[in-house]
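Some notes on the structure that comes next.
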Amino acid sequence: MPGVSDLHSIGELARASGLTVSALRFYDSAGVLEPALVDPVTGYRWYTDEQIAPARLVAGLRRIGMPVPEIAAAVRAEPAAVHRLLDTHLRRLVDGLADARREVTRLRALVDPAQPATTTLLLTPADLAAAVDAVRFAVGADPELPMLSGVLLDVESDGVRLVATDRYRLALARAGADVDGPPVRVFVPVDLVDQLRPLLDAADAWPVRLTVAGADLHVAVAGRTLTGSALSYDFPDYRRLLRKAVGERPAARRIPVDVAALRAALADPAAPTVAREHDGEALAVTVLGVDDQGGLRLLPAADLGTDALRVGVNGGYLLDALDAAGAPQLVLELDGPVAPLAVRRPDDADTYSVLMPIRL
């Protein structure tokens, strides 16, 4: 243990790192950056030369708003892991900025309800058809929840993200587009989506022109024009839902699956299920777990207590998600019995669905 003469006081470390003395005290109490020595009589904190660089790292991470648990992980991590934490936080900041811009646009319209700006998208029929197919299964059908009865089009500068949810599942896909006009969110009624979908197959190489002007929607495709009005409901904040439900889950097990084989296993009348009650009705729950080789397996009731990495889902919903993904190989992301199940395409990070777990 070095002597006090070889150490730096908390004030010296504050000046060297850019952190305030009170911040250093906070990060000590939080277990992020503990002093090398605390004088038992005076309570003074002392730090080594080797703690200057970590303190500067903490100061920088604090400036960009990284949460304290992630700062603590970064201080103790290898460089590659720190880069991953930075990438995750940067995506969070980008998402937050996009959300803020959309909210500012909405607020400007409230303050000055002038003629709404027009945004026009040009998309290929195949890309838009694939995106619609990836999310249509998750559109809500409950008449008491009309705010879920459509597909959200979240238009960005270079494309559009399609989102649908019925509370029990959430599906997302993205299509690239030439966008002329400001970013906009528009909640499209499912009836208009269903009218559009067959026209996309007949469009061949003709681009789809989608125009959004306030609540007015115009879609020109295959020589026809569809018109409609956006739903006036506020669609749930799906980005926040994703961050809470899925986010970046370093502990999650990612299991590659053959879709045809899994589909056959789920459709087999002898497939194991677990009986549970939901909203007063009996429900056969499909429980997914991991076998000895790291592959996916369907767990019978007798094995629930022996497999910690498991999740119960509605088997019919899982079949829908497999079909909607439109790929022969998928990756299922398991993170325990109370975490949602993510169904991902290995070749497309923007197309995936999330199934809410059923309590086992």
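Data overview
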{"quantity": "Residue count, segment 147-177 (criterion: open to solvent by 20 Å² or more (accessible area, probe 1.4 Å) and more than 18 Å from the chain's Cα centre (by Cα))", "calculated": "5"}
{"quantity": "Any chance Thr225 is surrounded by 15 or more Cβ atoms within 10 Å (Cβ to Cβ), polar (S, T, N, Q) and either over 30 Å from Val338 (Cα atoms) or in contact with a Gly (Cβ under 7 Å, 6 or more places away or on another chain) (or both)", "calculated": "no"}
{"quantity": "Test: residue in segment 109-119 that is within 28 Å of Gly214 (Cα to Cα), touching a residue at least 40 places away in the same chain (Cβ under 8 Å), open to solvent by less than 50 Å² (accessible area, probe 1.4 Å) and under 25 Å from the mean Cα position of the chain (by Cα)", "calculated": "no"}
{"quantity": "Identity of the residue in segment 178-208, among the acidic types (Asp, Glu) and closer than 27 Å to Leu97 by Cα, that ends up nearest to the chain's Cα centre (by Cα)", "calculated": "Asp178"}
{"quantity": "Selection count where residues are in contact with a strand residue (DSSP E or B) (Cβ under 8 Å, 6 or more places away or on another chain), of a type in the set (D, E, K, R) and without any contact (Cβ under 8 Å) to a residue 40 or more places away in the chain, scope segment 155-177", "calculated": "1"}
{"quantity": "Unmet criterion (only one of (1) open to solvent by 30 Å² or more (accessible area, probe 1.4 Å); (2) at pLDDT 85 or above; (3) farther than 20 Å from Gly176 by Cβ) for Ala220", "calculated": "(3)"}
{"quantity": "Residues of segment 304-328 satisfying the condition of being surrounded by fewer than 15 Cβ atoms within 10 Å (Cβ to Cβ), touching a residue at least 12 places away in the same chain (Cβ under 8 Å) and closer than 17 Å to Val290 by Cα", "calculated": "Ala308"}
{"quantity": "First in segment 193-207 and at positive phi, second anywhere and of a type outside the set (Val, Ile, Thr) and surrounded by 13 or more Cβ atoms within 10 Å (Cβ to Cβ), Cβ under 9 Å, 6 or more apart", "calculated": "Asp204/Pro125; Asp204/Ala222"}
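Every residue, every condition in (1) β-branched (Val, Ile, Thr); (2) at pLDDT below 90, yes or no:
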position	(1), (2)
Gly18	no, no
Val21	yes, no
Gly31	no, no
Trp46	no, no
Arg76	no, no
Thr88	yes, yes
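Matching residues to (1) over 22 Å from Asp234 (Cα atoms); (2) touching a strand residue (DSSP E or B) at 6+ places or on another chain (Cβ under 8 Å); (3) open to solvent by 100 Å² or more (accessible area, probe 1.4 Å); (4) of a type in the set (A, V, I, L, M):
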{"residue": "Leu37", "(1), (2), (3), (4)": "yes, yes, no, yes"}
{"residue": "Gly43", "(1), (2), (3), (4)": "yes, no, no, no"}
{"residue": "Asp49", "(1), (2), (3), (4)": "yes, yes, no, no"}
{"residue": "Ala59", "(1), (2), (3), (4)": "yes, no, no, yes"}
{"residue": "Glu78", "(1), (2), (3), (4)": "yes, no, yes, no"}
{"residue": "His83", "(1), (2), (3), (4)": "yes, no, yes, no"}
{"residue": "Asp87", "(1), (2), (3), (4)": "yes, no, no, no"}
{"residue": "Arg101", "(1), (2), (3), (4)": "no, no, yes, no"}
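Residue-wise test of (1) in contact with a Leu (Cβ under 6 Å, 6 or more places away or on another chain); (2) on the phi < 0 side of the Ramachandran plot; (3) in a strand (DSSP E or B).
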residue	(1), (2), (3)
Ala164	no, yes, yes
Leu172	no, yes, yes
Val179	yes, yes, yes
Phe187	yes, yes, yes
Asp191	no, yes, no
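The values are calculated or read from the model by the stated rules, or taken from the named source; none is laboratory data. As the structure is a prediction and not an experimental result, all values here were calculated from the model. A quick note on method: Cβ atoms are made from the backbone with ideal geometry, for glycine too, and the neighbour counts reach across all protein chains shown. In case anyone asks, the SASA skips ligands and DNA or RNA and just uses the protein heavy atoms, side chains included. Shrake-Rupley method; radii C 1.70, N 1.55, O 1.52, S 1.80 Å.
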